[in-house]
Amino acid sequence: MLLRFINPNTTQSMTDKVLASARGAAANGLRVDAVTSRRGPAAIQGEADGLAALPGLLDEVERGLADGVDAICIACFDDTGIVEARRAAGATPVLGIGQAAFLACLARGQKFSVVTTLAVSIPVIEANLKRSGLAGGCLRVRASGVPVLALETSGSGAREQVADEISRALAEDRSEAIVLGCAGMADLADDFSARFGVPVVDGVVAATRLAPAIA
């Protein structure tokens, strides 16, 4: 089975990070690859960026179908263009890393808080939760104040800003799990799980584990 992650922004380093996390989580027999959109914004922060990313995303869905992929995952926590991508993909399953992360928490019976990047993403994530019927499992969607591309820059302090917001979520929301609300945080989950002593869920890993069952 071949699972393809599509990064709907144009930042290759984020695609590389997604692919490394996915391949680390892939079970025997699952092949994983990843592609970067060839047109669109460098980062997706809010609804306007999501709309700008849609044409490039749909181009990559079409290429994936031509390549014979068995499932597609949109590697943006906003689940950018998931409705349109599913319509274009027909019988080929399309997942989003946001949706997969929510389901991973709910399957374990854990109430969760989402820690995302900028506040502009909060309404998009909240709308996705409501549309998918999963809002009841989410205690709060929180912004760390970290721009998406800061996660790609060493020495930016982004990692500790995210950690500070996780600390606040655990103290204020009494979260049983934390969901990392950006594909650019895919490399933080294991370290933060150990550091905070609660499950810290990365949607890339969650989607990699869920996709074979759906496909």
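For the reader, a short list of remarks on this structure follows.
- Structural descriptor for the chain: relative contact order 23 percent, calculated from alpha carbon pairs under 8 angstrom and at least 6 residues apart.
- The ratio of the alpha-carbon radius of gyration of the chain to the globular-protein estimate 2.2 N^0.38 Å is 0.93.
- Across region 75-177, the relative contact order, built from alpha-carbon pairs under 8 Å that are at least six residues apart, equals 27 percent.
- Once C-alpha pairs closer than 8 Å and six or more residues apart are averaged by separation and normalised to the residue number of region 1-92, the relative contact order reads 36 percent.
- Descending principal axes extents, region 21-107, alpha-carbon based, whole Å: 37, 32, 23
- Amide H within-cut-off set for residue 116, under 5 Å, with H built and near neighbours excluded: 142, 143, 144, 181
- Under 5 Å from the amide H of residue 5 lie the amide H atoms of 33, 34, 35, 73, each residue being 5 or more positions distant or on a separate chain, with H modelled from the backbone and absent for Pro and chain starts.
- Full-extension gain in nm, residue 111 to residue 209, via 0.36 nm per residue minus C-alpha separation: 33.3 nm
- Our coupling estimate for region 35-48, obtained by passing each phi through the Karplus curve with A = 6.51, B = -1.76, C = 1.60 and θ = phi - 60°, is 10, 10, 4, 8, 8, x, x, 6, 8, 10, 10, x, 5, 4 Hz, Gly and Pro reported as x.
- Computed helical MRE - 222 nm, the chain, DSSP H runs ≥ 4 contributing -39500 (n - 2.57), nearest 500: -14000 deg cm²/dmol
- Per-residue extension of 0.36 nm, minus the Cα-Cα distance of residue 87 and residue 1, leaves a gain of 28.8 nm for this segment.
- The phi torsions of region 125-132, fed into the Karplus equation with coefficients 6.51, -1.76 and 1.60 and a -60° offset, translate into couplings of 5, 4, 5, 4, 4, 5, 4, 8 Hz, rounded to whole numbers, with Gly and Pro shown as x.
- Projection of the Cα convex hull of region 98-202, averaged over all directions and equal to a quarter of that hull's surface, yields 5.8 nm².
- Cα gyration tensor, region 76-154 - rounded (a/c under 1.5), prolate or oblate: oblate
- Between the Cα long axis of helix 97-107 and the first principal axis of the chain there is an angle of about 60°, rounded to the nearest 10.
- Neighbour counting of Cβ atoms within 10 Å sorts the residues 178, 166, fewest neighbours leading, into 166, 178.
- Computed extension gain for residue 23 through residue 63, at 0.36 nm per residue and net of the alpha carbon distance, reaches 12.3 nm.
- About the Cα centre, charge dipole magnitude for the chain (Lys/Arg +1, Asp/Glu -1 at Cβ), debye: 420
- When the chain is described by a simple charge dipole with +1 on each Lys and Arg Cβ and -1 on each Asp and Glu Cβ, the residue from 58, 121, 214 located farthest towards its positive end is 214.
- Annotation: amide H-H contacts under 5 Å for residue 79 (H modelled 1.01 Å from N, sequence separation of 5 or more, or interchain): 97, 98.
- Here the 3J(HN,Hα) profile of region 70-85, calculated from phi with Karplus coefficients 6.51, -1.76 and 1.60 at θ = phi - 60°, is 8, 7, 10, 10, 7, 8, 9, 5, 6, 6, 3, x, 5, 5, 5, 5 Hz, Gly and Pro shown as x.
Every number in this text was worked out from the coordinates using simple rules, so none of it is lab data. Bear in mind that the values here come from a model prediction, so they are computed numbers and not experimental data. Quick reminder, even Gly has a Cβ in these numbers, built from the backbone with ideal geometry, and neighbours come from all protein chains shown.
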